[in-house]
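Take a look at the structure below.
The values are calculated or read from the model by the stated rules, or taken from the named source; none is laboratory data. What you see is a predicted model, and the numbers here were worked out from it, not measured in a lab. Neighbour counts run over all protein chains shown; Cβ positions are idealised from the backbone, glycine included. Ligands, DNA and RNA are excluded from the accessible area calculation, which covers all protein heavy atoms including side chains. Shrake-Rupley method; radii C 1.70, N 1.55, O 1.52, S 1.80 Å.
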Amino acid sequence: LASLERTQGRAVGQARQEVEEALRARVRTTPFAVDPFDSSRVRDGRLAFIDRRFLRPALRSLVTDRDSGIALLQVRGPARSGKSYTRQLIEHVRQARRDFHLAYLPVFGASLNDHQLAERIVHRLGIVAEVPTAASFQPPLAPQRYTERIGRWLLDRVVASEKRYCLIIDGIDAADLRDSAQILLHGLVDAISGGVHQRHLRLVLLDCSWGL
C-alpha cells in the first residue's frame with residue numbers, strides 16, 4: 001500500500017510539473033516573435049498576454065488589410081476586464097512591423113467639444129496643422145455644419161500625410177464628450193467603417209459602449 005501511494009504521488013508530481021512547464025512555455029514567446037499577433041509576452045517581454053482569441057484575428061485584419069478587412073475596432077466590457085491591454089498588443093505589433101503609425105489618445109474624465117477633440121487628435125497623430133475655427137470660414141458656419149466640416153478637414157489632413165495611422169481613443173465612456181464632439185467622432189466612424197479613408201486611418205475605441 002505504501003509503495004502504491006509513493007507511485008501515485010510521483011505520478012501526480014510529474015503531472016503537475018508537466019502542466020507548469022507547459023504554462024511556462026506558453027508565455028516564453030519572445031517579444032518580437034515571427035508573428036507578433038501571436039506573442040504571449042508584450043512590453044519588452046515584461047507583460048504576459050495570453051488568450052484573446054477573438055481580439056487577435058480582429059487586430060490582424062485591422063492592421064494588415066490595407067484596402068479591406070476591419071477598419072474599426074470597438075472594445076468594451078466591465079471595469080478591470082483588460083480592455084486597455086489591447087493597446088499594449090497593438091503597440092507590440094507596431095514595434096515589430098513598423099509599417100503604420102500608432103496614436104494613443106486617452107480621454108478619461110476630459111470635457112471636450114468638437115474643436116478640442118479635433119485638436120487632440122491632430123496632436124496625437126503628429127500632424128502639423130491648426131484646426132480651423134467656425135469664424136475662419138466665410139460666412140461663419142452654424143455649429144453642426146462646422147462639426148461636419150472639421151471632420152472632413154481632419155480626414156483630408158490624414159490622407160495628405162500619405163501615412164497609415166491606427167488611432168486609439170481610450171476611456172470614451174469615462175469622458176464628458178459634448179454633443180458636438182460625439183457628432184465629430186460618429187462622423188469619423190462612419191467615414192472609416194464605410195470604406196472611405198480606411199486605407200489611411202484605422203480606429204480603435206476602447207471602453208466605448210456606444211451603439212455604432
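Things worth noting here:
- Whole-percent carbon and sulfur share, accessible surface of the range 82-212, 1.4 Å: 47
- Global geometry of the range 92-211, whether rounded, prolate or oblate, following the gyration tensor of its Cα atoms and the 1.5 cut on a/c: oblate
- Projecting label points 7 angstrom from Cα along Cα→Cβ for ALA142 and ARG199 puts them 3.5 nm apart.
- The phi torsions of the range 133-144, fed into the Karplus equation with coefficients 6.51, -1.76 and 1.60 and a -60° offset, translate into couplings of 8, 4, 6, 6, 8, 10, x, x, 8, 5, x, 5 Hz, rounded to whole numbers, with Gly and Pro shown as x.
- Other residues whose C-beta falls under 9 angstrom from the C-beta of LEU184 contribute a net charge of -2, scoring Lys and Arg +1 and Asp and Glu -1.
- Using θ = phi - 60° in the Karplus curve 6.51 cos²θ - 1.76 cosθ + 1.60, the 3J(HN,Hα) couplings for the range 205-211 round to 10, 9, 6, 10, 9, 4, x Hz; x is entered for Gly and Pro.
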